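Read-outs: derived from the displayed coordinates by stated rules, not from any lab. Just so we're clear, the structure is a prediction, and the values are computed from it rather than from any experiment. All Cβ positions, even for glycine, are placed from backbone atoms using ideal geometry, and neighbour counts span all protein chains on display.
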Amino acid sequence: NSNPRPVNVLKSPAGSSTELPYLTKDNTGRLFLSWVKAPNNNGEVSFKYSRLINGNWSPPETIANGNDWFVNWADFPSVTGFDGKLMAAHWLHKTPGHTYSYEVKMRLSDIKNKKDTVITPHFDQTATEHGFVSMDPIDGDKVLAVWLDGRQTANRAEDEYGDLSKAMTIRSAVIGRDGSVTNRQMIDSTVCDCCQTSLAITGDRAIVAYRDRTEDEIRDIYVSRYEQGQWTEPNIVHKDEWKIGGCPVNGPVIRASGDTVVVAWFTGANEQYQVKAAYSFDGGSTFRKPLRIDEGNPIGRVDAAFISEGSVAISWMEKTDEKAALKYRIVDIETDVAQSPVKVAAMSADRKSGFPQLEFHNGALIFAWTALGEETSVQTTTVSLY
């Protein structure tokens, strides 16, 4: 389409010295934005959120503060809502042992009993990495949480990285508003160390997408479905056969609308960087051949949002002369036709610019990202589609 729709600034609630935005919609369609405010003079970090109400962000509310947090450009905190209110939030807390030993902290809002509980969903107590959390409510009382869990890597020596019995794992649990942790499971015993996970809930099932790791160091995107309380045997979305002896720190995104599922991801297979998207019409059991989304020089850092059952917007970062740009394009799933890419904003390609966020809300695409200047700041924009 030759007349791209205008990109309008949506005044950000975050202010200066902020980063690590996260956007999500709840069961009522209410949009939530969370972010982290840089350490104050006492070294204390603040984790805050806002809701979009009548087209404007509400005044920020603080979820938690701390000076012993693990704050990382790729492993960002998140929130999830239910019935228009905050239900759960997660962040990362350093633990003694190593530079990269940290645990997941989750705050659950128990509205009935007017109290909040902070818990850790994993009970292994190892001085290892735990993070890259995805979570969504499965009903009004419980969230399903998925995370990368390093317990098998405890005491792993440098030369044992290739020993897959000591690999990163992906695990899950059901967490109640009361802080209870039940139905703990391992989804996959061997996964990429630090690529984001992504979770979609549709009907009575959930689907997780993540970057797998094989004995041959092939790191392609897999999904597993959560049906009747159990995870299915993981299956591959598409055989890129990206062989890479380390983690690209560039995870997939999964979104669902009924039985229609889209997974978008970054790959560097055959020494060619690409952003791809693949669709499933059977709830994530099988996927069609993927479409290429990027323009030839992608950095990755993808996100996606359904606009309707038959069309989806996919965002990514592309290298440009200026450094980088946040772009999106709309794909018609039935015909596999992708509209021309639209540039949302110029960005830095730096790690500190993080992972841009995308949601569809009230007929508009909403974007959030970290702008780098004298001070970092979380920015938001909107593109009205109709």
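Computed from label points 7 Å out along Cα-Cβ, the spacing between D178 and H93 is 2.1 nm. Cut-off under 18 Å on the C-alpha distance; same-chain residues fewer than 8 positions from K142 excluded. Which lysines are left, in chain and number order? The qualifying lysines are K25, K85, K105, K112, K114, K115. Just checking the listed ones, S17, S165, S285: in the Gaussian network model of the chain with Cα springs under 10 Å, the one fluctuating most is S165.
Can you compute the label reach from E61? Point 7 Å from Cα along the Cβ direction, backbone N cut-off under 18 Å, restricted to the range 150-177. Zone members listed by number: 177. Using a cutoff of 8 angstrom between alpha carbon atoms and counting only pairs six or more residues apart, the relative contact order for the chain works out to 13 percent.
With a cap of 11 neighbouring Cβ atoms within 10 Å, and only residues DSSP puts in a loop, list the GluC sites (Glu not before Pro) found in the range 350-386. Don't jump to the answer; show the numbers that get you there.
Working: sites: E359, E374, E375; in loops: E374, E375.
Those satisfying the criteria are E374.
Of A256, A64, A371, the residue with the greatest mean-square motion in the GNM of the chain, using alpha carbon springs below 10 Å, is A64. Charging the Cβ of each Asp and Glu at -1 and of each Lys and Arg at +1, and nothing else, the dipole of the chain about its Cα centre rounds to 1000 debye. Among T286, T197, T18, the largest mean-square fluctuation in a Gaussian network model of the chain (Cα springs under 10 Å) belongs to T286.
Spin-label model, N27 to E322: label points 7 Å out along the Cα-to-beta-carbon direction sit 4.2 nm apart. Taken about its Cα centre, the range 11-134 carries a charge dipole of roughly 540 debye when the Cβ of each Lys and Arg holds +1 and the Cβ of each Asp and Glu holds -1.
Put simply, when 31-37, 296-302 are sorted by average Cβ atoms within 10 angstrom per residue, most first, you get 31-37, 296-302.
With a cap of 16 neighbouring Cβ atoms within 10 Å, and only residues DSSP puts in a loop, list the trypsin sites (Lys or Arg not before Pro) found in the range 208-253. Numbers along the way, then the final one.
On the way: sites: R211, R213, R219, R225, K239, K243; in loops: R213, R219, K239.
Sparse-neighbourhood loop trypsin sites (Lys or Arg not before Pro): K239.
Rounded to the nearest 20 debye, the dipole size of the range 130-199 about its Cα centre is 200 debye, using +1 on the Cβ of Lys and Arg and -1 on the Cβ of Asp and Glu. The Rg/Rh ratio of the range 64-135, with Rg taken over Cα atoms and Rh as the Kirkwood radius over Cα pairs, comes to 1.00.
Round to a whole angstrom and tell me the spacing of the C-alpha centers of the range 204-232 and the range 270-348. Taking the Cα centre of each part, the range 204-232 and the range 270-348 sit 21 Å apart. Extents of the chain, taken as max minus min of Cα coordinates on every principal axis and listed largest first, are 56, 48, 43 Å. When only Cα pairs below 8 angstrom with a gap of at least 6 residues are kept, the range 34-141 shows a relative contact order of 18 percent.
In a fully extended conformation the segment linking E217 and T335 would gain 39.1 nm over its present Cα-Cα distance, using 0.36 nm per residue. Remark: for residue pairs K289/K352; K323/K352; K243/K276; K94/K319; K37/K166, the C-alpha separation exceeds 25 Å in K289/K352; K94/K319; K37/K166. Residues with beta-carbon under 14 Å from that of R5, excluding R5: net charge, scoring Lys, Arg +1 and Asp, Glu -1? Result for the local shell: +3.
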